[in-house]
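Asks: First the structure, then my questions, so here it is.
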Amino acid sequence: MSMSHKKKLKLIITGCNGLIGSILSENLKNKYEILGIDLKQSTKIPSVSINTASNKDMEKIFEGYDVVIDLAAHASTNTPWEKVYANNIQSTYNVIKSASESGIKRVIFASSNHVTGMYENDYPYKNIVSGNYPKESKIPYITTKMPNRPDSPYGIGKSTGESIGKYFSEKFNTSIICIRIGTVNLENKPVDSEGTTGIRSFATLLTHNDLIQLIEKSINASSDLKYEIFYGVSNNKWRFWDIKDSETKIGYIPNDNAEKWR
Ligand SMILES: NC(=O)c1ccc[n+]([C@@H]2O[C@H](COP(=O)([O-])OP(=O)(O)OC[C@H]3O[C@@H](n4cnc5c(N)ncnc54)[C@H](O)[C@@H]3O)[C@@H](O)[C@H]2O)c1
């Protein structure tokens with residue numbers, strides 16, 4: 001099976017009205033045939049209004065599409081457990097299950113760096129996120145092989161989402177790529193987005209261009225990839241997540257470095 005046809009690939013984007021959904025649909029709509037899904041219909045791309053947390057059978061809508069990009073969630077890291085449970089986890093389960101049952105070849109799941117956020121309590125990450133940069137030039141990267149250490153109910157939800165993906169990839173052979181997205185913001189540069197100093201985003205920024213590259217390479221990656229987890233981060237000087245695996249497996253080579261806004 002090859003993912004590169006002459007015909008335009010057909011994509012579903014859940015959460016299409018949000019920040020990342022808008023960036024992706026705006027930049028991919030000429031190259032791919034896109035159907036958006038969100039609570040309200042999109043004014044910018046063809047879409048349907050569906051609550052993905054309560055709709056258990058989206059197979060009929062997914063049928064005939066190639067790839068689902070699953071973004072629908074309460075995206076704030078402060079989302080309380082009740083909403084993570086009732087909205088985010090339910091939605092991820094329904095979307096991945098429906099994708100598997102409708103013969104979708106690949107789901108790209110918007111996971112989060114908050115699946116491993118507790119490492120940021122430890123040296124040297126705690127120093128880097130507060131701007132007290134360590135002296136050593138080489139710091140050990142946090143990799144996707146290391147144990148999950150969610151830092152919030154939101155992080156627990158994303159960790160659970162990765163497990164849901166693992167189950168459906170092994171049970172039904174659906175290809176699942178989980179992207180642990182770093183910091184994507186409207187300003188597209190390191191800024192105060194979480195009410196703190198914003199200094200953390202010099203390490204965690206994922207620019208719009210690098211995001212688009214990573215998603216496109218995930219869409220078009222070999223069908224041999226059955227289950228992958230990649231960190232989504234730009235080539236920041238103070239990056240502390242390992243991205244060697246996405247370079248090797250899908251050729252992701254980020255172009256931006258947050259340092260240029262210092
Ligand atoms: N922006 C970031 O830096 C970042 C970082 C890590 C992970 N993520 C993840 O990426 C995804 C997109 O993030 P974003 O920043 O664009 O968030 P956003 O809040 O701008 O967009 C989320 C969209 O999902 C929709 N949605 C939520 N629940 C839904 C439901 N039950 N049914 C249908 N639609 C629903 C919302 O209406 C909204 O349009 C989220 O899953 C988020 O957790 C984002």
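The values are calculated or read from the model by the stated rules, or taken from the named source; none is laboratory data. Since this is a predicted model, take the numbers as computed values, not measurements. Here the Cβ positions follow ideal geometry from the backbone for every residue, glycine too, while neighbour counts run over all protein chains shown.
Asks: Residues being within 12 Å of the ligand (Cβ to nearest atom), farther than 15 Å from S159 by Cβ, among the hydrophobic types (A, V, I, L, M, F, W, C) and under 18 Å from the mean Cα position of the chain (by Cα): count how many of those fall in region 80-103.
Replies: Going through region 80-103 one residue at a time, the tally reaches 1.
Asks: Can you tell me which residue is nearest to S112 (Cα to Cα) among those in region 194-219 that are polar (S, T, N, Q) and buried (at least 16 other Cβ atoms within 10 Å of the Cβ)? Please lay out each step first, then the result.
Replies: Going through region 194-219, the residues polar (S, T, N, Q) turn out to be 196-197, 201, 204, 207, 209, 213, 218.
Adding the requirement that they be buried (at least 16 other Cβ atoms within 10 Å of the Cβ) leaves 201, 204, 207, 213, 218.
Numbers: S201: 14, T204: 11, T207: 15, Q213: 17, S218: 16 Å.
Only one residue tops the list, namely T204.
Asks: Follow-up. Just name the residue that is farthest from the ligand (Cβ to nearest atom) out of those in region 40-58 that are surrounded by fewer than 19 Cβ atoms within 10 Å (Cβ to Cβ) and assigned to a strand (DSSP E or B).
Replies: The qualifying residue farthest from the ligand (Cβ to nearest atom) is V48.
Asks: Here's something else I'd like to know. Criterion first (hydrophobic (A, V, I, L, M, F, W, C), within 11 Å of the ligand (Cβ to nearest atom), at pLDDT 95 or above and in a helix (DSSP H, G or I)) does I61 satisfy it?
Replies: Working: hydrophobic (A, V, I, L, M, F, W, C): yes; within 11 Å of the ligand (Cβ to nearest atom): no; at pLDDT 95 or above: yes; in a helix (DSSP H, G or I): yes.
Taking the combined requirement at face value, the residue does not satisfy it.
Asks: Got a sec? Which of I108, I104, I96 is aliphatic (A, V, I, L, M), part of a helix (DSSP H, G or I) and surrounded by 18 or more Cβ atoms within 10 Å (Cβ to Cβ)? Spell out how you get there, then give the answer.
Replies: On the way: I108 fails: part of a helix (DSSP H, G or I); I104 fails: part of a helix (DSSP H, G or I).
Every option except I96 fails the conditions.
Asks: Anything in region 142-185 that is away from the ligand (no atom under 15 Å from the Cβ), assigned to a loop (DSSP other than H, G, I, E, B) and out of contact with any helix residue (DSSP H, G or I) (no Cβ under 6 Å at 6 or more places or on another chain)? List them, or say none.
Replies: Matches in region 142-185: T143, K145, M146, P147, N173.
Asks: Select, from D256, D224, the only residue that is charged (D, E, K, R) and either within 15 Å of the ligand (Cβ to nearest atom) or touching a Pro at 6+ places or on another chain (Cβ under 8 Å) (or both). Working first, answer last.
Replies: Working: D224 fails: either within 15 Å of the ligand (Cβ to nearest atom) or touching a Pro at 6+ places or on another chain (Cβ under 8 Å) (or both).
Answer to the selection: D256.
Asks: Restricting region 14-28 to residues that are more than 10 Å from the ligand (Cβ to nearest atom) and in contact with a strand residue (DSSP E or B) (Cβ under 8 Å, 6 or more places away or on another chain), which is farthest from N55 (Cα to Cα)?
Replies: Filtering region 14-28 for residues that are more than 10 Å from the ligand (Cβ to nearest atom) and in contact with a strand residue (DSSP E or B) (Cβ under 8 Å, 6 or more places away or on another chain), the one farthest from N55 (Cα to Cα) comes out as L28.
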